[in-house]
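Input: a single structure, listed below in structure tokens.
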Amino acid sequence: MTNEMIILNARFDLMEEGILKGTGNIITVENEDGEKIEMEEPEEIHTYQGWKSINRQVKRGEKSIATIQIWKHTTKKPKNEDEQEQERMFLTNAFFFTEAQTEAIAQ
């Protein structure tokens, strides 16, 4: 499962629990049985770095609304010239925030 799918499933779970609000946008999803279901899209969540990349800063003192295990990719540089780079994927905890917990970065 990709990070995008993991986060989308978590967003739906968080909206079901009442932690996230809906955006008002209706999306169509297909379940395992092939049935198409129309659902309200949950609000967006991002990590601290994710918000920073779109020019928003998490407000001081804010606590994450969710901790989600996502895939992280790393590359280990070789120590010797005859070695190759080693790539690795592993699950790590990431902390997510809503837009309400952020503010625009002054430019």
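The values are calculated or read from the model by the stated rules, or taken from the named source; none is laboratory data. Only a predicted model underlies this, so the values are computations on that prediction, with no experimental measurement involved. So basically every Cβ, Gly included, is an ideal-geometry build from the backbone, and we count neighbours across all protein chains shown. Areas reflect the complete protein model, heavy atoms only, side chains present, ligands, DNA and RNA absent. Shrake-Rupley method; radii C 1.70, N 1.55, O 1.52, S 1.80 Å.
Quick notes on this one:
- Straight-distance crosslink candidates among lysines, where the alpha carbon sits under 21 Å from residue 59 and sequence neighbours closer than 8 are dropped: 21
- For the stretch 54-107, the list of chymotrypsin sites (Phe, Trp or Tyr not before Pro) that fall in a loop by DSSP and count at most 14 other C-beta atoms within 10 angstrom is empty.
- Total formal charge among the other residues, if their Cβ is under 13 angstrom from that of residue 28, Lys/Arg +1 and Asp/Glu -1: -4
- Share of carbon and sulfur in the accessible heavy-atom surface of the chain [1.4 Å probe, %]: 46 percent
- Percentage relative contact order, the chain, counting C-alpha pairs under 8 Å, at least six apart: 26 percent
- Other residues whose C-beta falls under 11 angstrom from the C-beta of residue 105 contribute a net charge of +1, scoring Lys and Arg +1 and Asp and Glu -1.
- Cα shape, the chain, gyration tensor, a/c 1.5 rule: oblate
- Helix 3-16 and the longest principal axis of the C-alpha atoms of the chain enclose an angle of approximately 30°.
- Between the C-alpha center of the stretch 86-106 and that of the stretch 18-45 there is a gap of 21 Å.
- Positive end of the dipole of the chain (Cβ unit charges, origin at the Cα centre): among 26, 6, 107, the Cα lying farthest that way belongs to 107.
- Per residue, the chain exposes 78 Å² of accessible surface when a 1.4 Å probe is rolled over the protein heavy atoms with every protein chain present.
- Under 5 Å between amide hydrogens, built in the peptide plane, is the criterion, and for residue 102 it picks out 59 among residues at least 5 positions away or on other chains.
- Long-range HN-HN contacts of residue 69 with modeled amide H, under 5 Å: 94
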